[in-house]
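All remarks here apply to the structure that follows.
Just so it is clear, none of the values below were taken in a lab; they were calculated from the coordinates. This structure is a prediction, so every number in the text was calculated from the model and none was measured. When we count neighbours, we look across all protein chains shown, and the Cβ atoms used for this are built from the backbone with ideal geometry, even at glycine.
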Amino acid sequence: MEIARENPSTVEHRMEIRMGLVIAVANQKGGVGKTTTSMNLAGAFQSEGYKVYVADADGQQSCMSWCAAAGPETPLPFRVGSINKLEKMIGPEIAALANDYDVVIVDCPPNINDLTTARVLAVADATVIPTDASPIDIWSSEGMMELVERTRVANPAGKFAILLNKSNSKTLLHTQMSAILAESNVRVLSSTVKQRELYRQAAALGRTVFDVKGVRGVKVAKDEIAAVYNEIIALVQEEEFVDGN
Ligand SMILES: Nc1ncnc2c1ncn2[C@@H]1O[C@H](COP(=O)(O)OP(=O)(O)OP(=O)(O)O)[C@@H](O)[C@H]1O
Ligand SMILES: [Mg+2]
């Protein structure tokens, strides 16, 4: 199965997605790749010419640290800002950002006990749930799945998709996870992101795979993030189709 195309993003895609798109990246489990996914997706949207804002809703402020690692001389080509202390104003702030930016990507904290993640999901057009490579992670993500179900009631147009991150055995894992998730009605993206040292190296340099230099294996990583990007755009377009707008 083809998972990455030579030149996956096209002008067609660019023309079709609407402005002010809000994408949440969330999972109650820590260390699954929420921040890595947020930042590299931002790189993908930016490289297609979109005006992107990464909103850091996690108290750990990892996106902010990532941005700081880029340094003032070679800043990231998109804005990164903190929204983690806004409490119930977080939804209105995201809506305001969505007025000013084409795409707002919100990196959520690794817990669902405070209301931050619920508030973000309530205003997201699409929620990407990165999970690392084991069905056990899904079994331990029951709370996240319950939150998804609750969000569907509050935000019926919102879309949800699980992204298998740090995967090594795409086919088997994908089949297993899809089977486990079949009941829950949350789709699993067919694109996966492999475990690659490059993702750590890029983060350490404060870059995304779209603008990191001097490290090996960039193209294949870029292609796999671009494939995820394309699937997310397709997801959002589905939503627009269902809504009829
Ligand atoms: N596909 C990948 N390949 C290799 N390393 C990865 C990959 N994805 C993430 N990592 C690494 O795994 C660690 C955790 O990733 P990340 O910080 O993105 O997770 P997180 O879900 O945001 O964590 P937290 O819950 O603490 O916010 C980091 O060191 C990151 O560089
Ligand atoms: Mg994080």
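Laid out as a table, the results:
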quantity: Debye log10 I(q)/I(0) for the range 49-138, one point scatterer per Cα, at q = 0.19, 0.23 Å⁻¹; calculated: -0.93, -1.21
quantity: The range 57-150: GluC sites (Glu not before Pro) falling in loop per DSSP and having at most 16 other Cβ within 10 Å; calculated: Glu73
quantity: In the range 48-146, the trypsin sites (Lys or Arg not before Pro) that fall in loop regions by DSSP, at most 10 other Cβ within 10 Å; calculated: Lys85
quantity: Selection from Thr151, Gly33, Thr117 lying farthest towards where the dipole of the range 12-243 points positive, charges on Cβ; calculated: Gly33
quantity: Ranked packing of 36-46, 60-70, 223-233, most packed first, by mean Cβ within 10 Å; calculated: 36-46, 223-233, 60-70
quantity: The range 12-243 - Kirkwood radius from inverse mean 1/r over Cα pairs (Å); calculated: 17.5 Å
